[in-house]
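What follows is a single structure, written as structure tokens, with notes after it.
Where a number appears in this text, it was derived from the coordinates with a stated rule and is not lab data. Everything numeric in this text was worked out from a predicted model, so none of it was measured. No Cβ is skipped: glycine too gets one built from the backbone with ideal geometry, and neighbour counts run over all protein chains shown.
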Amino acid sequence: MQTPKIFESEFKFLCILWEYEPIGSTALVKLCKEQLEWSKATTYTVIRRLCERGVIKNENAVVCTLVTKEQVQLAELDELVEKRFDGSLPMFFAAFSKREKLSEEQVAEIMRIIAEGK
């Protein structure tokens, strides 16, 4: 299953859910009011929309995710690389490395990740 597009406000909601799941919808409404300043209606609308898209499930008023944070982040990264860098990971890395000077530790970590991905 391909991870559906997650919008910024939905991602913030999901971050709360990933931290507290499984959670009752009433408690989730309270957390969203405290952390996102959302109304009860807004929270239930987001729950309904994400359920319809297969991102979360709400059974017996208990809400939990069907996708991981990593899946969402990877889908977002794939979209970014495809849209802005013509699908080229080397172009993405080149642009990223020009943005700021990488430390020796960062370069070593990136090299380790690349080596593991081969």
Item to check | Nearest 10 degrees, 0 to 90: helix 69-84 Cα axis against the chain principal axis | outcome: 50
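Can you check what the net charge comes to around Leu50, using other residues whose Cβ is under 10 Å from the Cβ of Leu50 (Lys, Arg +1; Asp, Glu -1)?
+2
Average the reciprocal distances over every distinct pair of alpha-carbons in the chain, invert the result, and give the Kirkwood radius in Å.
Across the chain, the inverse of the average 1/r is 16.5 Å.
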Checklist outcome for this item: Relative to the chain, whose Cα atoms define the longest principal axis, helix 25-36 and its Cα axis are tilted in degrees, nearest 10, by 50
Checklist outcome for this item: Neighbours of Pro22 by Cβ distance under 10 Å: Lys/Arg at +1, Asp/Glu at -1, summed charge -1
Checklist entry - Long-range amide H contacts for Val63: which residues qualify at under 5 Å (H placed 1.01 Å from N, peptide plane, sequence gap of 5 or more or a different chain)? => result Ile23, Gly24, Ser25
Checklist outcome for this item: With -39,500 (n - 2.57) per DSSP H segment of 4 or more residues and division by the full residue count of the chain, the 222 nm estimate, nearest 500 deg cm²/dmol, is -21500 deg cm²/dmol
Item to check | Relative contact order (%) - the chain, alpha-carbon pairs under 8 angstrom, separation at least six | outcome: 23
Item to check | Nearest 10 degrees, 0 to 90: helix 104-117 Cα axis against the chain principal axis | outcome: 80
Next on the checklist: Under a Cβ-only charge scheme (Lys and Arg +1, Asp and Glu -1), can you give me the dipole magnitude of the chain about the Cα centre, in debye to the nearest 20?
Outcome noted: 360
